[in-house]
Amino acid sequence: MFNVKFAHQRVFSSLLTTTALLALSAGSMLASTTITGTVEVSGKYLVSGSPVQTTTGAVLKISFENFTAGTNLELCAGNAEDFGAGTCPTRLSDSGGPGFVFLTIVDTPVLSGKFIYVIRAVGSAASTFRLTIE
């Protein structure tokens, strides 16, 4: 009787642990951050306040959308000098007109040590955008 009870406890314990791990991993898979901003007169918008620091080779899914007709935006990664100059050494995404959402899939080592920012490539009007990172 003791062995049967012990075996049931082991099975229950394994099932509980597996369920907990699945719940935790599902929660992290669904984690995302959405940023809505406006590129004003300067023509640029800093997304990350510090350089991206990565310790693993994770993959990010980034969706990028411009809401302002007559303008095009670029989602960029670069150093502080690149942001200051308004240049885009690593283009992560371009925007189309309103209604277009573009998907970028990127390995995090590509972003390590770089700032993420948005610059206006076409037009002069203030341009509102949405950026979602999963």
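At-a-glance table
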quantity: Gained length - LEU103 relative to ASN72, 0.36 nm times residue gap less alpha-carbon distance; calculated: 9.6 nm
quantity: Nearest-20 debye value, the stretch 33-133 charge dipole, Cβ charges on Lys, Arg, Asp, Glu; calculated: 100
quantity: Cα-based Rg and Dmax for the stretch 33-133, where Dmax is the largest Cα-Cα distance (Å); calculated: 12.7, 39
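No value in this document is a laboratory result; all are computed from the given coordinates. Bear in mind that the values here come from a model prediction, so they are computed numbers and not experimental data. Glycine gets a Cβ as well: all are built from the backbone with ideal geometry, and neighbour counts include every protein chain shown.
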